[in-house]
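The next block holds one structure in the form of structure tokens; read it before the comments.
Each value in this text was obtained by applying a stated rule to the coordinates, not by laboratory testing. This is a predicted model, so every value here is computed, not measured. Positions of Cβ are backbone-derived with ideal geometry, glycine not excepted, and every protein chain shown enters the neighbour counts.
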Amino acid sequence: MKMQAFTHYTPTEIVFGKASEDRVAELAKKYHGSRVFVVYGGGSVVKSGLLGRVTGTLEAAGLKVETIGGVKPNPRLDFAREAVQKAVEFQADLILAVGGGSVIDTAKAVSHGAANPDTDIWEFWSRKKKVEKTLPVGVILTLAAAGSETSDSAVLTNTEIQVKRGLSTDLNRPEFAIMNPELTYTLPKYQVGCGIVDIMMHTLDRYFTKTKGNQLTDEIAEGLLRTVIANGRIAIQDSHNYESMSEIMWCGSISHNGLTGLGAEKDFAPHQLGHELSAKFDIAHGASLSAVWGAWAEYSYMEDVDRFVRFADKVWGISGDNKEEVARKAINATVNYFKLLDMPTCFSEAKEIGLKTEDELWTMADGCSYKDTRTIGAFRVLNKEDIFNVY
Ligand code: NZQ
């Protein structure tokens, strides 16, 4: 399979660098915001003073502001519904996310809900309805990880039915993203690690593809992986290193805006395997990915061992005569890197994951395969039994 036809659409205006959040009012106005509904998380932006500065800047520029805080990691549908109602009452015309991926995804949900007040937002996530219109979303990013600041997707968890599901549509692309690496200095080490894993996985889940002959896309992916790996080693020790946090932040956006997989079929099986873990155990997204990737890779590499050999060479500088050995060394190098970040690399290393019996594993496989009605992945297509085997 050669390079496939593609459309590349990344309309988000990116304003990157120190003090870039000072431009929030200018950008809100540019995207027709006069009543700005600000969404934030569990309080890190209150503590750091960022929220107060942002609302102050908006109000000083004559904009009306309403806020809602309390988005949890693995953001909940219930909370998003509540926020939609508040945004509608406020007659919001721009939704501003101040936070990480969970806050941004909730803001995206609010934008769809407020533009379609007669529709329950889960109808969009459960594919019953298509999003046809939405409100503009702006972002002030505080965590480099999910790439939601430029991505076309948003992930919500419906706790009633223990389902975590993504929705992809170009209407999920934010209008603008303000990215000041200094805003990530307050991150706990664990979140820095989760972020690095997620950034790597957005590229790896595209890189492991059966599509061949995609030179530029492959080189971009490999360059990104080398960059995030090298800077991750520094950032995990020192989250105040501006250069490394900048590189990682930029990698986060590029990794998930489509560029690292253009023209190729995407895999994304590890993401699907991880979502099931987060839905059941509320484990952080990055940790769910590091916990499954090694097992997925071991299970899948013989589908195209040459792809893993290229990965070994270009990303890890590993070569040799025995292809299988080289591929396995690259898998080990990746897993060891996750360990260096203090991320779990199997279920028993993740304290949140309380799986005890084989039956529970089958239940997970059942959930991930939507009760055996779908397969996941494209590099190696996984059915329910495969999913069980990887778990
Ligand atoms: O809630 P607060 O108090 O802000 O604390 C957060 C949260 O506890 C904290 N944090 C964020 N910025 C901080 C900070 N703490 C101190 N200083 C800062 N500067 O970090 C914790 C995790 O935040 P969260 O937003 O959940 O993390 P992340 O950005 O990793 O987002 C994860 C969510 O994004 C989804 C994941 O599934 C998960 O639900 N994803 C979204 C994608 C997309 N929309 O394109 C793609 C991704 O693959 C991913 O699936």
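Annotations for the structure displayed:
- Close pairs (6 angstrom Cβ cut-off, 6 or more residues apart or separate chains): more than 11 Å from the ligand (Cβ to nearest atom) in segment 168-182, aromatic (Phe, Trp, Tyr) anywhere: ASP170/TYR9; GLU175/TYR31; MET179/PHE16
The rows are residues; the columns are (1) outside any loop (DSSP other than H, G, I, E, B); (2) away from the ligand (no atom under 14 Å from the Cβ).
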{"residue": "GLN237", "(1), (2)": "no, yes"}
{"residue": "LEU273", "(1), (2)": "yes, no"}
{"residue": "ALA287", "(1), (2)": "yes, no"}
{"residue": "SER300", "(1), (2)": "yes, yes"}
{"residue": "VAL309", "(1), (2)": "yes, yes"}
{"residue": "ALA330", "(1), (2)": "yes, yes"}
{"residue": "VAL335", "(1), (2)": "yes, yes"}
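- When LYS128, LYS108 are screened for being surrounded by fewer than 21 Cβ atoms within 10 Å (Cβ to Cβ) and among the basic types (Lys, Arg), only LYS128 passes.
- Leading residue by the ranking (farthest from the ligand (Cβ to nearest atom)) among those in segment 201-216 that are buried (at least 22 other Cβ atoms within 10 Å of the Cβ) and hydroxyl-bearing (Ser, Thr, Tyr): THR209
- Exclusive hit being more than 9 Å from the ligand (Cβ to nearest atom), touching a Phe, Trp or Tyr at 6+ places or on another chain (Cβ under 6 Å), farther than 21 Å from LEU143 by Cα and not acidic (Asp, Glu), set ALA92, ALA60, ALA83: ALA92
- The set of residues in segment 162-181 being among the basic types (Lys, Arg) and part of a strand (DSSP E or B) consists of LYS164, ARG165.
- Of all residues in segment 32-50, none satisfies being more than 16 Å from the ligand (Cβ to nearest atom), free of Cβ contacts under 8 Å to residues at least 12 places away in the same chain and either over 23 Å from PHE124 (Cα atoms) or among the small types (Gly, Ala, Ser) (or both).
- Taking segment 1-77 and the helices (runs of 4 or more DSSP H) fully enclosed by it, the elements with 2 or more residues that are more than 26 Å from ILE248 (Cα to Cα) are at 24-30, 50-60.
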